[in-house]
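First the structure, in the form of structure tokens, and then the observations on it.
The values are calculated or read from the model by the stated rules, or taken from the named source; none is laboratory data. Please read all numbers here as calculations on a predicted model, not as lab measurements. We place every Cβ from the backbone using ideal geometry, glycine too, and count neighbours over all the protein chains shown.
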Amino acid sequence: MKAEVKTKKKASPQDIEIKRAYRKKRAAIITAITVIYLVIVAAAAVIIDDRHIEITVFGDAEQLAEAGESYVDPGAEAFFTGNLFGRTKSPVELRTESDVDTSRLGDYTVKYSAEAYGRSAESYRRVHVRDTTPPVISLNHEQDYLASWLVGYKEEGFTATDSFDGDLTDKVIRTETGDAVYYSVTDAAGNECSVERVIEYGISEPMIRLVGGEEVDIGASFTFEDPGFEATDESGNDLTSYVQVSGEVIPYQIGSYELNYYIMNEQGETATAHRTVNIVPQPAEEAELPEGKTIYLTFDDGPGPYTGKLLDILARYGVKATFFVTDQFPEYEDMIGRAYREGHAIGVHTYTHEFWQVYASDQAFFDDFLATEDLIYRQTGEYSKIFRFPGGTGNTVSRNYNYGIMSRMAQTMTDMGYVYFDWNVTSGDAGETTSTYKVIENVTAGCSENTINIVLQHDIKDFSVDAVASIITWGRNHGYTFRTLDTGSCRVRQDPAN
Ligand code: ZN
């Protein structure tokens, strides 16, 4: 058998080279096409997928928060995600900025933001802080309390508070009818609360309690003021206005007086109380002797046209005097204030200086006295406790108008704590002379005999005022000290002649 070997025709080296080049080119083209394809696919994927940050806000984007209560934000979350591959959400860090302040009513914003891989996102929530909680009214109840048919219901007390506005008790509007009390209050945000209290009535025995006790000592004065009393029933209803008081107290007259207090309730039950009022003298101040020889310059019947000049003279010499004042010249009233401010003593003389009027009766005297006290108070801010009777304590002219009034008033005014002064050195300027020289002579002659010298002059007399500088010079040269009168000064007095 003949073996037949088929052999391929051997390729030439040139052919091999051509084939290899061809394969290489093809591979390069395929690679290029693949790369371009992949790039296109990747680009398309990125564009279509649109990778971005997504923030999800939990709960409502607009929320109502109660004022005064704490606000808890429901929160949010952030992811890095895309359109095609949404399931592959990857969480990113979320930043929360909030200005919510529940202590102040208003509209607030919560801002959520996140940043990752060059992308960022923001989302918002609106929070409205409002007060929607109405206030609360609480009623107090007193155990066993029953309203009185006589005086009605006695408020047992209540309070109103609001969770945001706080205490609103003062704002409660209270309306009382016979059967009930209605309380209502509205807070600043307009939330209202109202409650009703049903009134229960009952009758219980009245009681009277005397403030200060059943016997009181009261210092004599122009007016009597009861030390006080109160009437209640067993429920504590205030029945005081139903108490009838009988009996009379003369407040300026020393003595014992009886007062009766009486009350009857609507069922005819009564209560009584009794009080003894002792009108006693006001404590008297002891008079003290001044040191050394003393002159008290006193001026009556002003202020008037020459009072200003007199005050200038006294100021020049540094001497203080005592003025017993009137309202005879109202246009000079302010001189009382000036004299007071410049250190002089002010006392009561009389408002009108009309004897027939002042001494018409005890009451007339009091009225005139009190009017003068008020005048002094208006000018000085103080009431004076010293005075001089018009005409002096020893005047006889008052006999023409009211028998015994000087004796009575001297005692009564003393009992009330007032101190009166007359004089022991007269200048004669009230009538016997109109000469400045004679005034000087009268005063210096009068003073030389005494240690305590209360000089009577009138500052409504020009010639008398002109004597004052010489009197002061003479007094100083003879070792006298000039002083003012007060409640502790020696009482230089005349005996009442009426
Ligand atoms: Zn007088």
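With respect to the conditions (1) more than 15 Å from the ligand (Cβ to nearest atom); (2) touching a Phe, Trp or Tyr at 6+ places or on another chain (Cβ under 9 Å); (3) of a type outside the set (S, T, N, Q); (4) closer than 21 Å to W423 by Cβ, I313 lacks only one, and its number is (2). In the range 446-475, the qualifying residues are those that are among the charged types (D, E, K, R) and without any contact (Cβ under 8 Å) to a residue 40 or more places away in the chain, and the one that is nearest to H353 (Cα to Cα) is D466. Here Q328, Q357, Q379 are screened, and the one residue that is within 16 Å of the ligand (Cβ to nearest atom), in a helix (DSSP H, G or I) and not aromatic (F, W, Y) is Q357. Regarding the range 415-427, can at least one residue be identified that is in a helix (DSSP H, G or I) and either modelled with pLDDT of 95 or more or under 16 Å from D301 (Cα atoms) (or both)? Yes, the conditions are met somewhere in the range 415-427.
Restricting to the range 452-480, and then to whatever is of a type in the set (V, I, T) and touching an Asp or Glu at 6+ places or on another chain (Cβ under 8 Å), can you tell me which residue is surrounded by the fewest Cβ atoms within 10 Å (Cβ to Cβ)?
In the first step, residues of the range 452-480 are kept if they are of a type in the set (V, I, T); the result is 452, 454-455, 460, 465, 468, 471-473.
Then drop every residue that is not touching an Asp or Glu at 6+ places or on another chain (Cβ under 8 Å), which leaves 454, 460, 465.
Values: I454: 26, I460: 22, V465: 27.
In this case the residue turns out to be I460.
Of all the numbered requirements in (1) modelled with pLDDT of 95 or more; (2) surrounded by 13 or more Cβ atoms within 10 Å (Cβ to Cβ); (3) within 29 Å of G417 (Cβ to Cβ), E214 misses one, and that requirement is (2). Whether a residue is assigned to a helix (DSSP H, G or I), among the basic types (K, R) and surrounded by fewer than 16 Cβ atoms within 10 Å (Cβ to Cβ) was assessed, and R408 does not pass this test. Evaluation of D179 against the conditions (1) surrounded by fewer than 17 Cβ atoms within 10 Å (Cβ to Cβ); (2) at pLDDT 95 or above; (3) not small (G, A, S); (4) not assigned by TED's automatic domain parsing to the domain that holds V245 shows that the sole unmet condition is (2). Being closer than 18 Å to Y418 by Cα and of a type outside the set (G, A, S) is the filter; apply it to the range 386-406 and report the residue that is farthest from the ligand (Cβ to nearest atom). For the range 386-406, the residue satisfying everything is I405. Evaluating Y340 against the criteria (1) more than 12 Å from the ligand (Cβ to nearest atom); (2) crowded, with 21+ Cβ neighbours inside 10 Å leaves one unmet condition, (2).
For the range 438-475, taking the residues that are touching a Phe, Trp or Tyr at 6+ places or on another chain (Cβ under 8 Å) and of a type in the set (D, E, K, R), the one that is farthest from the ligand (Cβ to nearest atom) is identified as D462. For the residues G343, G392, the requirement of being on the phi > 0 side of the Ramachandran plot, outside any strand (DSSP E or B) and under 36 Å from the mean Cα position of the chain (by Cα) singles out G343. Number of residues in the range 58-93 that are closer than 23 Å to P134 by Cα and of a type in the set (V, I, T) equals 1. Of all residues assigned to the range 279-292, none qualifies as being surrounded by 14 or more Cβ atoms within 10 Å (Cβ to Cβ), within 15 Å of the ligand (Cβ to nearest atom) and either in the same structural domain as D422 (by TED's automatic domain parsing) or over 30 Å from V151 (Cβ atoms) (or both).
One line per residue, one yes/no per condition, for (1) at pLDDT 95 or above; (2) in a helix (DSSP H, G or I); (3) surrounded by fewer than 17 Cβ atoms within 10 Å (Cβ to Cβ):
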site	(1), (2), (3)
Q143	no, no, yes
D170	yes, yes, yes
R174	yes, no, yes
S194	yes, no, yes
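Residues in the range 360-376 that are more than 16 Å from the ligand (Cβ to nearest atom) and either without any contact (Cβ under 8 Å) to a residue 40 or more places away in the chain or in a helix (DSSP H, G or I) (or both): D362, Q363, A364, F366, D367, L370, E373, D374.
In the condition set (1) under 37 Å from the mean Cα position of the chain (by Cα); (2) free of Cβ contacts under 8 Å to residues at least 24 places away in the same chain; (3) in a strand (DSSP E or B), E225 is compliant with all but (3). Sub-8 Å Cβ pairs linking a first residue in the range 341-353 that is in the same structural domain as D327 (by TED's automatic domain parsing) to a second residue that is acidic (D, E) and within 11 Å of the ligand (Cβ to nearest atom), at least 6 apart or interchain, are H349/D300; H349/D301; H353/D301, ordered by first then second residue.
If I ask for residues that are assigned to a loop (DSSP other than H, G, I, E, B) and of a type in the set (S, T, N, Q), which ones from the range 131-141 would you list?
Selection gives T132, T133, N140.
Of all residues in the range 423-443, those that are in contact (Cβ under 8 Å) with a residue 60 or more places away in the chain have Cβ atoms under 7 Å from Cβ atoms of residues that are assigned to a loop (DSSP other than H, G, I, E, B) and more than 14 Å from the ligand (Cβ to nearest atom), 6 or more apart or on another chain, in W423/V492; N424/N450; N424/V492. Just wondering, is there one or more residues in the range 294-301 that are of a type in the set (S, T, N, Q), more than 16 Å from the ligand (Cβ to nearest atom) and out of contact with any Lys or Arg (no Cβ under 9 Å at 6 or more places or on another chain)? Within the range 294-301, none of the residues are of a type in the set (S, T, N, Q), more than 16 Å from the ligand (Cβ to nearest atom) and out of contact with any Lys or Arg (no Cβ under 9 Å at 6 or more places or on another chain). Annotation note: of V492, V455, the sole residue that is at negative phi and not in a loop (DSSP other than H, G, I, E, B) is V455.
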